[in-house]
Amino acid sequence: MLRGKHTWWFENRPVITGVGTVVGPDEGEGPLAADFDLVHPELDMQQKSWEKAERLLMEQASDFAIQASGLQKEDLQCYVGGDLLNQIISSSFAARDLGLPYIGVFGACSTSMETLALAAQLVNSGSAHHVLAGTCSHNCTVEKQFRFPTEYGSQKPPTAQYTVTGAGAAIVSDSGQGPAVTSATIGKIVDLGVTDPFNMGAAMAPAAVDTITQHFNDTGRTPADYDLIVTGDLAGVGHPIAKDLLARSGVPMEKTVFGDCGLMVFDVAKQKVQAGGSGCGCSAVVTYGHLLKRIAKGELQRILVVATGALLSPLSYQQGETIPCIAHAVSIERKG
């Protein structure tokens with residue numbers, strides 16, 4: 001059901017019955033390492049290319065999610081997935097092996113909540129009983145495609161972010177045990193003219209603010225209605241900008257726990273990750289690996305995850321285009 005202008009309200013409360021998270025070695029050295037299902041000790045994961053390693057991440061996270069849900073692959077009606085690579089090959093090749101009806105999407109780093117929102121909509125409408133939603137990224141594939149190959153050894157400015165090597169997957173079902181997906185606010189493109197691909201946080205912050213503000217306008221909720229609100233990967237530069245812009249928009253966050261997945265997945269003070277984490281896998285592994293565990297323990301009752309994405313391509317950057325950005329917000333609640 002549509003509530004307000006841009007928010008889907010899931011009256012049937014689809015349930016996240018299983019999740020899976022798989023990460024690389026840098027994430028395994030971060031503060032959330034114990035919350036992931038599998039930590040690979042090497043970036044290549046014994047694969048012949050970085051791209052094949054990224055695909056493996058998605059396949060393994062999907063397997064963990066299906067196993068945790070207690071279902072079989074044949075019980076699923078659809079897989080909704082996407083990633084950062086050209087033609088979303090990691091998700092599409094994983095879909096080839098899954099053998100499920102497939103909806104491929106591209107939302108850059110907002111893909112985690114875009115896929116979860118679409119999965120919840122399919123289940124809520126009765127179009128499916130069980131849907132797999134997932135996304136992934138790999139530091140070496142993304143750096144090679146959007147900036148410089150890691151072998152080049154290019155120095156990055158402090159505003160740059162470090163792409164998360166990881167994949168997160170969730171099974172969304174019409175019944176079962178787990179937290180409920182209660183709403184999704186679909187964002188629109190916001191572009192304030194940033195052209196620097198090494199300053200994604202500043203580029204994406206206005207989109208996050210626009211979606212958060214729209215969510216509150218559509219639902220009638222306020223920041224106080226949530227135990228935690230997290231942005232996807234604004235990191236050390238973009239997150240303070242978003243907080244300032246929200247205050248200017250009349251949405252003060254002082255009395256609400258307002259975090260960022262890009263600042264949670266790494267220890268920014270100790271690890272060499274510049275401003276913090278980014279990539280499709282960032283908000284996916286933090287949400288499915290860490291935040292849902294906190295909900296299961298009763299530490300959190302209701303959260304709002306606002307995944308942010310910069311919808312540029314290497315070609316658009318080379319042609320001097322500005323960076324269009326988007327954010328999608330999904331509310332997740334503990335079933336009581």
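For region 244-263, which positions are among the aliphatic types (A, V, I, L, M) and either out of contact with any Gly (no Cβ under 8 Å at 6 or more places or on another chain) or more than 23 Å from A34 (Cα to Cα) (or both)? Across region 244-263, the qualifying residues are L245, L246, A247, V251, M253, V257. Residues that are at negative phi, in contact with a Leu (Cβ under 8 Å, 6 or more places away or on another chain), in the same structural domain as A208 (by TED's automatic domain parsing) and assigned to a helix (DSSP H, G or I) do not occur anywhere in region 301-316. When region 156-178 is filtered for residues that are more than 18 Å from Q67 (Cβ to Cβ) and part of a loop (DSSP other than H, G, I, E, B), the ones remaining, listed by number, are K156, P157, P158, T159, A160, V164, T165, D174, S175. In region 223-262, of all residues being modelled with pLDDT under 95 and among the polar types (S, T, N, Q), the one that is nearest to the chain's Cα centre (by Cα) corresponds to T256. Inclusion of G298 among residues that are closer than 25 Å to D37 by Cβ, in a loop (DSSP other than H, G, I, E, B) and either modelled with pLDDT under 95 or outside the structural domain of N139 (by TED's automatic domain parsing) (or both) is warranted.
Hey, does region 122-131 have a residue that's closer than 22 Å to S331 by Cα, in the same structural domain as G236 (by TED's automatic domain parsing) and either outside any loop (DSSP other than H, G, I, E, B) or in contact with a strand residue (DSSP E or B) (Cβ under 8 Å, 6 or more places away or on another chain) (or both)? Show your work before the answer.
Residues of region 122-131 closer than 22 Å to S331 by Cα: 122-131.
Next cut, in the same structural domain as G236 (by TED's automatic domain parsing) only: none.
Looking for residues that are closer than 22 Å to S331 by Cα, in the same structural domain as G236 (by TED's automatic domain parsing) and either outside any loop (DSSP other than H, G, I, E, B) or in contact with a strand residue (DSSP E or B) (Cβ under 8 Å, 6 or more places away or on another chain) (or both), one finds none in region 122-131, hence no.
The set of residues in region 43-91 being in contact with a Phe, Trp or Tyr (Cβ under 6 Å, 6 or more places away or on another chain) and either charged (D, E, K, R) or over 22 Å from S110 (Cα atoms) (or both) consists of R55 alone.
Of the residues contained in region 251-261, none is found to be of a type in the set (K, R) and free of Cβ contacts under 8 Å to residues at least 24 places away in the same chain. If you go through region 172-196 and keep only what is buried (at least 16 other Cβ atoms within 10 Å of the Cβ) and not β-branched (V, I, T), you end up with S173, D174, G176, G178, P179, A180, S183, A184, G187, D191. Against the condition at positive phi and outside the structural domain of G166 (by TED's automatic domain parsing), how does G232 come out, does it pass? Answer is no for this residue.
Quick one: would you say C140 is buried (at least 24 other Cβ atoms within 10 Å of the Cβ) and of a type outside the set (A, V, I, L, M)? Let's see the steps before the verdict.
Details: buried (at least 24 other Cβ atoms within 10 Å of the Cβ): no; of a type outside the set (A, V, I, L, M): yes.
It is false that C140 is buried (at least 24 other Cβ atoms within 10 Å of the Cβ) and of a type outside the set (A, V, I, L, M).
For region 37-75, a residue qualifies if it is part of a loop (DSSP other than H, G, I, E, B), within 19 Å of V142 (Cβ to Cβ) and of a type outside the set (S, T, Y), and the qualifying residues are H40, E42, L43, D44, M45, Q47, K48.
Restricting the search to region 254-281, which residues are in a loop (DSSP other than H, G, I, E, B), closer than 22 Å to H215 by Cα and either assigned by TED's automatic domain parsing to the domain that holds A33 or in contact with a strand residue (DSSP E or B) (Cβ under 7 Å, 6 or more places away or on another chain) (or both)?
T256, V257, listed by residue number.
State yes or no: is L292 out of contact with any Pro (no Cβ under 8 Å at 6 or more places or on another chain) and surrounded by 15 or more Cβ atoms within 10 Å (Cβ to Cβ)?
Details: out of contact with any Pro (no Cβ under 8 Å at 6 or more places or on another chain): no; surrounded by 15 or more Cβ atoms within 10 Å (Cβ to Cβ): yes.
Criteria not met by L292.
Looking only at residues of region 220-246 that are touching a Cys at 6+ places or on another chain (Cβ under 6 Å) and assigned to a loop (DSSP other than H, G, I, E, B), we find that the one that is farthest from E299 (Cα to Cα) is D233. Just one of the listed residues (A133, A94) is touching a Lys or Arg at 6+ places or on another chain (Cβ under 7 Å) and surrounded by 24 or more Cβ atoms within 10 Å (Cβ to Cβ), namely A94. Which of the residues belonging to region 125-141 are hydrophobic (A, V, I, L, M, F, W, C), at pLDDT 95 or above and over 15 Å from the mean Cα position of the chain (by Cα)? A128, V131, listed by residue number.
The values are calculated or read from the model by the stated rules, or taken from the named source; none is laboratory data. All values reported here derive from a predicted model rather than from experimental measurement. Heads up, the Cβs are rebuilt from the backbone with ideal geometry, glycines too, and the neighbour counts pull from every protein chain shown.
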